[in-house]
Each structure stands twice: as C-alpha cells, then as structure tokens.
Amino acid sequence: MKSIHFAAVLAAGMAVATAPAVYAKPKKATAVAAPVALAPADQAVVLRDAALKDNNAYEFVAALTTRFGARPAGSASEKAAADWSVEQLKAMGFDNVRVETFPLEIWQRGEEKLEIVGPFPQNLVATALGGSGTTPPGGVEAEAVLFETYQQFSASTVDLKGKIVVILQPTVATQTGVGYGANSGSIRRQGPEIARQRGAVGYVMRSLGTHDHRFPHTGGTRFLGADGVPAMAISPPDAEQLERILKLQKEGQAGPIRLKMLSTPKFLGTGQSQNVIAEITGAKRPQEIITIGGHLDSWDLGTGAIDDGAGVAITMAAAKTILDSKVRPDRTIRVVFWGSEEVSQPGDKGLSGANAYAAAYKAEFPNHIIAAESDFGADVVYALSLPASDSPEFTKQVGNVLYPLGIYVDGAVSTGGGPDTSPLFSAGVPVMDLQQNGMDYFDTHHTPDDVLDRIDPAKVDQNVAAWAATLWLIASTEVKFKGVAPKP
C-alpha cells in the first residue's frame with residue numbers, strides 16, 4: 001500500500017489556488033488508470049490517492065457559494081442552486097439525476113435590532129432565531145430577567161409576565177460538537193416557547209457559538225407562526241457585557257436592566273423546497289443502495305460554505321472520483337443534496353427534505369445498505385464509526401486504507417450518520433459517520449462568517465479521499481451492516 005504522510009499533504013495544499021475560477025460546466029478529471037481486476041482494497045487505495053490530487057470538492061463549493069450565496073430553505077436561491085446542481089451532476093455523468101419537491105412553510109427574516117435602554121444604554125449585536133415570532137412594528141420594550149444558565153431558568157418560579165427572558169449560558173467547544181448538542185435542543189429550540197407560556201414578551205439567548213467575536217449565530221427554534229414569541233441570539237461578547245451589568249446589579253450598583261427588541265420576520269405561507277438526487281448505478285447488485293450526501297440549504301447570514309456547502313461538495317466529489325475511475329461499483333451509490341435541513345416547521349417538525357426522502361423511498365429501506373451525511377464543516381476526518389457488520393475483515397481493510405490519512409476506525413458502533421439520515425436510522429437503516437474535527441466548527445456555524453474563506457482545500461481533499469475509499473469498499477464487497485430496530 002502506498003504510504004501517504006498527511007502532514008505533507010496539508011503542506012502541499014497551501015500551494016493550491018484559494019480562488020479557483022468558478023466553472024459553468026464541470027471539469028472532467030483525468031480518469032484513474034486502474035485495471036478492472038484490482039481487488040477492492042487495492043482499488044480503494046487508487047481512489048484515495050486520486051482524490052488527494054484533485055480539488056473537485058473545493059471548486060464545487062466555491063462555485064455554489066459564489067453563484068448563489070446564501071440558500072435559505074424554500075428561497076429562490078435554494079431552488080436555483082438545486083437546478084444548477086442538476087446540470088452539473090448530469091454533465092459529470094451521474095445516472096438518474098432528478099429533483100424531488102416537497103411543501104414547506106416559509107419563514108423570512110425581517111428588520112432586527114436589540115438595545116439596552118437602561119441602566120447603561122447601548123446597542124447589542126443580535127439576530128432573530130429561525131421560526132420565531134414578531135414584535136410589534138415599533139418593537140417591544142421591557143424589563144429583562146437574566147439567567148446565567150438554562151437550568152436556572154427552567155427551575156425558576158420568577159414572574160416572567162411582560163418581561164424579556166435572557167439566557168447567558170455559553171457553549172463548550174469540543175471536537176465532537178457535543179457542547180452544541182447539549183444547548184441547541186433546550187436553550188434555542190424549547191426555551192422561547194417555555195418563556196412564552198410563562199408570559200414573557202421576548203426571549204434572548206447567548207449565541208450557540210464557541211468564538212469571542214462580535215457576531216451572532218442564528219438557528220431554528222419551534223415554529224409557532226404568529227403565536228410565537230420574538231426570539232433572538234446575541235453575540236458572545238454582548239452576552240458577557242450583560243453578565244457584567246448583572247454583576248453590578250447584584251452588587252447594588254445598577255438598577256433593573258431594560259431591553260428594547262425589534263424583530264419583524266414574515267411568515268410567507270406554504271412554499272416549496274427540493275431534494276436533488278443522483279446515482280452511480282451498481283454493476284452487479286444495483287438494487288442495493290448506499291445513500292450519502294449533504295444539505296443544500298443554508299442560513300441567510302453567510303453563504304453556507306461550511307454548513308453545508310462543504311458536505312454537499314465532499315460527498316459529490318467522492319462519488320465523482322469513483323465515477324471517473326471508469327470502474328463501476330457492485331452496489332448503487334446514491335448522492336442526495338437534501339433541501340430544507342435547517343428550518344423548523346409547524347408541529348415541532350424539521351428535517352423536511354430528509355423526511356420527504358424517507359417517505360419516498362421507504363419501500364427500498366430493506367435494500368439500503370448504509371447511509372451517511374457530511375454535515376460538520378470542512379476540517380479533517382479523524383475517525384470512521386461503523387455499524388455492526390458481518391465482516392471483521394472489512395473493518396480491517398478499511399482501517400488499513402484510511403490509516404495513512406490520519407484516520408482510525410472507532411470501535412464504538414455508529415448511531416449517527418448526520419441529521420438528514422436520522423429518519424432512515426429510525427427506520428432501521430444502518431448509518432456510518434466519518435467524524436470530522438469540530439473543535440472550531442461552532443466558531444462560524446450559522447453566522448455571517450460562514451463563507452468560503454473558512455475552507456482549506458487540502459483538508460477538503462482529505463475528506464474526499466476518506467469518503468471515496470470507504471464508499472468503494474462498501475460498494476464493491478458483500479459486507480452487510482446491522483441497523484437498529486425500527487421505531488414502532
């Protein structure tokens with residue numbers, strides 16, 4: 001097996017042009033010279049090495065973010081990006097390229113402003129949470145009730161009627177993103193509705209970010225339409241400013257904190273989003289399907305480069321590496337650009353594209369070999385987590401191929417393949433996870449700083465190499481994985 005020193009690969013990547021020309025038609029990569037008779041593990045090495053020499057993924061995400069910018073779910077830019085992606089995938093030579101639409105309730109950001117009225121008047125940097133309610137046209141002014149943690153808020157019996165709730169709890173940076181997961185479901189998703197039920201007229205939270213820059217993170221909360229409370233996230237430095245004022249208040253050096261909120265989003269009614277689907281049809285067992293992809297929509301503050309243009313590009317480029325080899329896998333590889341991953345929907349629902357895909361392909365689930373999504377930015381993959389399989393030899397093979405990339409096989413059984421695979425996982429489809437380093441992912445996630453400059457081409461190529469090699473070994477062997485029992 002050819003040895004690859006990944007540190008050298010990263011160093012070489014610094015010479016890659018960071019602003020490649022945006023392409024109108026897909027570039028045809030040089031075909032990988034590989035005899036059909038190569039054993040699966042040997043062919044996986046060939047594909048891995050080919051991916052490290054190419055910048056298909058980086059060029060794709062550069063074109064996507066340049067041509068379409070932000071791609072909010074249900075927007076004209078999301079649809080235009082989907083139509084363009086179809087053209088690209090067809091030109092690359094994928095099979096069965098198609099768009100599948102589904103209905104979506106549309107939320108659109110409006111005017112937004114947050115300021116401290118007293119005791120120390122000043123503006124704060126804030127943004128509305130997706131799906132949150134509106135203030136009156138002139139805004140709402142009220143006394144703020146500050147809580148250092150969400151637990152304090154949920155356990156408190158303080159009268160919140162007519163008040164603005166403020167949660168100051170920070171997010172802990174971790175490689176796996178567990179710090180974000182611990183906060184997003186409670187503070188951002190459930191907090192505003194609990195505050196509304198207790199009579200609050202507004203809700204403010206410290207952004208679920210791990211940086212110290214003065215820009216806020218958006219993200220979805222429960223979608224209640226006109227009944228929802230106006231809810232906003234403030235930048236981490238502004239949250240710390242409030243903490244200092246709270247300290248002065250506790251010391252008797254400041255009076256009650258009053259805030260004025262203005263947030264005027266629109267609820268545009270039922271619109272449409274879409275999934276883009278393309279395949280490499282299996283040569284021997286085409287009915288056996290490996291589903292991979294990323295989500296095409298993004299939040300509106302940045303251009304959705306790391307969330308999730310990178311994931312779309314990485315999985316597409318991995319499949320294209322296989323396609324360009326001119327050697328067909330035994331099983332079908334299906335690439336999905338899911339729509340509408342980011343936004344919540346009425347009835348406390350979300351993942352509209354994922355659920356639409358699951359409903360459309362439910363009959364195929366017994367033949368879904370495995371599913372996985374790349375949706376954690378553009379840093380390097382450091383581990384592969386697999387479901388239980390019938391082949392210890394497969395685990396050994398994939399480990400040998402990935403090890404030179406700085407990737408190990410995690411012994412724990414995979415239970416998460418990415419947000420858009422969760423409906424499949426719940427239905428019993430096995431999932432895998434090529435785990436990326438997420439230590440600084442939440443520095444820019446859902447912010448104006450989610451732009452192409454945050455992506456290192458060499459790191460993206462390492463992702464593509466890992467995905468291409470892993471996919472080939474799954475698609476060209478008879479390994480079988482075990483999913484969880486479907487939920488009743």
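Here, each number is a calculation from the coordinates, and none is a lab measurement. Everything numeric in this text was worked out from a predicted model, so none of it was measured. Using ideal geometry, Cβ is built from the backbone for each residue, glycine included, and neighbour counts are taken over all protein chains shown.
Listed from fewest to most Cβ neighbours within 10 Å, the set F481, F337 follows the order F481, F337. Centroid-to-centroid, using Cα positions, region 296-340 and region 118-138 are 36 Å apart.
Helices in the chain, meaning DSSP H runs of at least 4 residues, each add -39500 (n - 2.57). Divided by all residues, the mean residue ellipticity at 222 nm is -9000 deg cm²/dmol. Placing dummy labels 7 Å off each Cα toward the beta-carbon, the span from D348 to A254 is 3.5 nm.
Computed about its Cα centre, the charge dipole of region 339-472 is approximately 480 debye, with only Lys, Arg, Asp and Glu carrying charge at their Cβ.
Simple spin-label estimate for D49 and Q287 gives 3.8 nm between the two label positions (7 Å along the Cα-to-Cβ direction from each Cα). Which one of I370, P265, L242 is farthest out on the positive end of the charge dipole of region 240-384, using unit charges on Cβ (Lys, Arg +1; Asp, Glu -1) and the Cα centre as origin? My answer, from the dipole projection, is P265. Considering only Cα-Cα distances, which of the following residue pairs are longer than 21 Å: K163/K260; K320/K459; K459/K482? Too far apart for the 21 Å limit: K459/K482. Remark: D227, D443 ranked as D227, D443, counting other beta-carbon atoms within 10 Å and listing the fewest first. Ranking V172, L64, F120 by Cα position along the charge dipole of region 25-181, where only Lys, Arg, Asp and Glu carry charges on their C-beta atoms, puts L64 farthest toward the positive end. Once the Cβ-Cβ distance of Q197 and K326 is raised to the sixth power relative to R0 = 45 Å, the FRET efficiency obtained is 0.15. Ordering M439, V381, F481 by Cα displacement along the dipole of region 375-488 toward the positive end leaves F481 in first place; charges were set at the Cβ atoms of Lys, Arg (+1) and Asp, Glu (-1). Note on region 110-264: Cα Rg divided by 2.2 N^0.38 Å, N the number of residues, gives 0.95. For region 148-288, the Cβ-based charge dipole about the Cα centre amounts to some 280 debye (Lys, Arg positive; Asp, Glu negative; other atoms uncharged). Dipole size of the chain about its Cα centre, with +1 on Lys/Arg Cβ and -1 on Asp/Glu Cβ: approximately 500 debye, rounded to the nearest 20. In this simple spin-label model, placing a label point 7 Å from the Cα along the Cα-to-Cβ direction at both S186 and E240 gives a separation of 2.3 nm.
Per-residue Cβ neighbour counts within 10 Å put V413, V327 in the sequence V413, V327, beginning with the fewest. A DSSP coil position with no more than 16 other Cβ atoms inside 10 Å describes the following GluC sites (Glu not before Pro) in region 138-191: E148.
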